[in-house]
1. Out of the helices (runs of 4 or more DSSP H) lying entirely within the stretch 18-100, which hold 3 or more residues that are of a type in the set (D, E, K, R) and surrounded by 14 or more Cβ atoms within 10 Å (Cβ to Cβ)?
2. In the stretch 75-95, what residues are modelled with pLDDT under 90 and of a type in the set (A, V, I, L, M)?
3. Scan the stretch 62-84 for residues that are farther than 24 Å from ARG43 by Cα and in contact with a helix residue (DSSP H, G or I) (Cβ under 8 Å, 6 or more places away or on another chain) and report the count.
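The values are calculated or read from the model by the stated rules, or taken from the named source; none is laboratory data. Keep in mind the model is a prediction, meaning the values are calculated, not measured. Here Cβ is always computed from backbone atoms with ideal geometry, including for glycine, and neighbour counts include all displayed protein chains.
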Amino acid sequence: MRRVTTAACDDARMSRSIWFWKARPEVRATFAALFRQGKGVARDPRRALAWLERAAPQDPLVAGYELGQLVEGDGVAPDRARAEQLFRAARAAGHPEARRALRLLGVEV
């Protein structure tokens with residue numbers, strides 16, 4: 001019979017806890033903001049993009065808007081059509097700046 005140490009149990013709980021928090025869209029958006037702004041980590045728009053792509057389907061209000069700004073050309077290859085789609089979803093979710101972002105793209109609102 002194998003004995004399980006307290007440290008092993010703590011590690012397993014910590015792993016589940018980290019997984020749970022990383023699955024939350026607001027945590028993913030926060031990680032993205034850190035990488036996008038370079039706060040506490042090296043600035044890396046591609047990693048910010050990856051985190052926002054995971055968060056946006058669950059949180060179009062904040063993560064979708066932020067992803068729209070990023071794909072509009074802030075450190076990654078611009079994708080105007082995708083930015084428009086994300087801003088429209090953020091606007092439908094009630095983001096106050098999404099309408100202005102659409103106007104700046106030259107889209108009829």
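1. Answer list for the stretch 18-100: 45-55, 80-93.
2. The answer is VAL76, ALA77.
3. 1
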